[in-house]
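Reviewing the structure listed below.
The values are calculated or read from the model by the stated rules, or taken from the named source; none is laboratory data. Treat the numbers as computed from the prediction; the structure is a model and nothing was measured. A quick note on method: Cβ atoms are made from the backbone with ideal geometry, for glycine too, and the neighbour counts reach across all protein chains shown. What goes into the accessible areas is simple: the full protein's heavy atoms, side chains included, and nothing from ligands, DNA or RNA. Shrake-Rupley method; radii C 1.70, N 1.55, O 1.52, S 1.80 Å.
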Amino acid sequence: MNKLKEPVYVTRPLLPDVNDLYLEIQEIIESKWITNHGQKHNLLESKLEKVLKVPNASVFNNGSIALLTALKTLDLPRGSDVITTPFTFAATPHCISWNGLKPVFCDIEADTMTINAEKIEKLITPNTSAILPVHVYGFPCDVEKIDEIAEKYGLKVIYDAAHAFSTEINGKPIGNFGDVTMFSFHATKLYNTIEGGCLTYNNNELKEKIYNLRNFGIKNEEEVVDIGINGKMNEFQASIGLLNLKLFKKEQMERLKIKNLYIEHLSGIENIRIPKMPKNVTDSCQYFPIVIEDHFPLTRDQIYDKLKKCNILTRKYFYPICSDYRPYTNLKSSSVANLPLANAVKHKVLCLPYYGDLNSEIIVEICDILKSFSKIPLKILAN
Ligand code: T4K
């Protein structure tokens, strides 16, 4: 295995043409309006409503503040429980905790690694106020079952769709499920505004509340009606967003080619599983995770280390899982007995490099390296 000259990262940001960006920036400079609900901000919101096919989209300076605001908007009783998955990024349970709510971790499904909807009901108590499932890697949660449970127990549902930009389930856009959905527009996301995010929701009545909460709770020059935060997206972020809206579909097409190349070269390898996107779902193409099963000659960590030595920088999203984080280890729901699958999967998943201009020779090389690992006799592992 030769070390590659340049590092190959798990992802690279989608970026507009510099001349196009120059024109956008020129307009911003001339307008002297650089933040606080500027023209580009407002235009981006209306364009996102069309692209995501949702009645309402409110953009934010990042996905975490958007999620924080989503929970605040729904007025969940302080100290109440929010059922969520441990198999996600730190932002998910942290936003629950920052709202004075308690995360209750529910185990995940083996195939999609999303929250196991069948196990949610057992975790519901009179103190439960909401469910916060995550469409992890762009795999949709069991939205039907979750909505059914929410209806039955009168719970709010906030979806974390940080990885699921433009995903549709049976032709229904993913931002239409639950009470509110959060998308992240971070640099590492398929669609980015450098940092950024948005909330989508069907209930028009939430619009004004979200608008105020995003701007310190200010309603007008003389009224502050809520305990808000500064969640506003600035005009420079919005202009990147407007330009990237024209580019993300092409990026997705490129990623689909890469995905197919990975599948072609990896599918024969025993004990490497490629989680499959269900047929009725359009793939956001956010990540390309593989699962290293127990009988593979090398562990996931050994593969990660060996690839790193070749300058191939894969990522162990999500290891450790959130229930392993120091602030959450004492929660009853963090026990391994409650989360057997998440605790098994966290040692097995590896996200491979995945972005539009990733060279196909490198993809084949990564697959060949993995193939060569599959031929290592098991006894070497014991040494
Ligand atoms: N919910 C979920 C399920 C999430 O995954 C996230 C964020 C959120 C909520 C919160 O949304 P935001 O508040 O972030 O909008 C990254 C991202 O920072 C984070 O947005 C993302 N999830 C998480 C899964 O991944 P890191 O610490 O892995 O990022 P970093 O800096 O190591 O970047 C990964 C690779 O990307 C680098 O090795 C190289 C490449 N890269 C990165 C940046 C920032 C570039 O090529 N250029 C860049 O500018 O967290």
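For the reader, a short list of remarks on this structure follows.
- The radius of gyration of the Cα set in the chain, together with its Dmax, comes out at 21.4, 74 angstrom.
- Pairs from Lys156/Lys257; Lys119/Lys189; Lys189/Lys232; Lys47/Lys279 whose Cα-Cα separation, in the structure shown, is over 31 Å: Lys156/Lys257
- Sites excluded, GluC sites (Glu not before Pro) in DSSP loops with at most 13 other C-beta within 10 Å, longest stretch of the chain: 1-204
- For region 194-251, applying the loop criterion from DSSP together with a ceiling of 16 other beta carbons within 10 Å to the chymotrypsin sites (Phe, Trp or Tyr not before Pro) yields Phe216.
- Alpha carbon centroid spacing (whole Å) that separates region 224-261 from region 108-160: 26 Å
- A full extension of the chain between His295 and Lys3 corresponds to an added length of 102.4 nm, given 0.36 nm per residue minus the alpha carbon distance.
- Ligands, DNA and RNA left out, the 1.4 Å accessible surface of region 62-220 is 51% carbon and sulfur atoms.
- Counting only residues at least eight positions apart within a chain, or on another chain, the lysines with an alpha carbon under 20 Å from that of Lys308 are Lys3, Lys5, Lys316, Lys346, Lys348, Lys371, Lys375.
- Cα convex hull volume per residue for region 118-235 (Å³): 134 Å³
- With all pairs of different C-alpha atoms in the average, the Kirkwood value for the hydrodynamic radius of region 18-244 is 17.8 Å.
- The HN-Hα couplings worked out from phi for region 142-147 by the Karplus form 6.51 cos²θ - 1.76 cosθ + 1.60 (θ = phi - 60°) are 6, 4, 5, 5, 5, 5 Hz, whole numbers, x standing for Gly and Pro.
- Beyond 16 Å, the tail of the calculated P(r) for region 251-318 holds 57 percent of the Cα pairs.
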